[in-house]
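Remarks on the structure that follows.
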Amino acid sequence: MGESFIAEVVVDHADLPLTPTVRTVSDATVRVESQPFSAFEHPVFFYAVSETDFASFEAALDADPTVAEWRATVTFSDQRVYQVVPGPDAKFTTPKIASLGVQVLSLESADRGWRFRLLAPERDRLGEYWEYCREEGVQFDLRKLYRSGPQAVESGRRGVRSRLTERQLEVARTAARMGYYDTDGASAQAVADELGISRSTLSTHLRRIVGKLFDSLFAPA
């Protein structure tokens, strides 16, 4: 069996389920206990919530545009479990994760978004999810990277630049300068126009750059 890879990433977008509530009640610890990760028509989520004022949390749920219905299913003095039906305009990235063959090991609130711990059978799958988030306007913040073995890999100090061609360096620098990887930055078409190439050519360059980035991050010491 080949090696696999673990990534801890934080994703952030105002339309991700329960994100407005997490932003409003920032002291709450929210952990996803159960949700459908593949394609679905009528999803139901279960969230375990602790370390917060539950009256404030429930008021935030009432005002949350990503929530259609909710109810508390289990109540303790220090923790509650909520069943939540997302609203029709809620945005999901989990079906994409499932389609890539990536497993969600854990999912919980973090900062103003959600921390995923992902297990991928190939490093390129993580790069594809990164690109998908960029295309969907979802902020993607890579926090930790590991091999499936006991040795963790430090992020990004193995000479990524030396692995890129001069043209790839130019593309990477231009995309970074124009804010391509920022949610409110330049579009792919704008970056392509700046470089004098087609959008499909830009996409090919970016896929190869991301692939080399992950090669560098996961390369053996």
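Please verify whether segment 124-139 includes one or more residues that are in contact (Cβ under 8 Å) with a residue 12 or more places away in the chain and within 25 Å of residue 54 (Cα to Cα).
no
For segment 100-121, enumerate the residues that are surrounded by fewer than 16 Cβ atoms within 10 Å (Cβ to Cβ), modelled with pLDDT of 90 or more and outside any strand (DSSP E or B).
The one that is surrounded by fewer than 16 Cβ atoms within 10 Å (Cβ to Cβ), modelled with pLDDT of 90 or more and outside any strand (DSSP E or B): 101.
What's the total number of residues in segment 135-150 that are out of contact with any strand residue (DSSP E or B) (no Cβ under 7 Å at 6 or more places or on another chain) and either small (Gly, Ala, Ser) or not in a loop (DSSP other than H, G, I, E, B) (or both)?
Total satisfying the criteria: 3.
The values are calculated or read from the model by the stated rules, or taken from the named source; none is laboratory data. Note that the coordinates shown come from a computational prediction; the quantities given were computed from them, not determined experimentally. Counting neighbours? That spans all protein chains shown, and the Cβs are built from the backbone with ideal geometry, glycine included.
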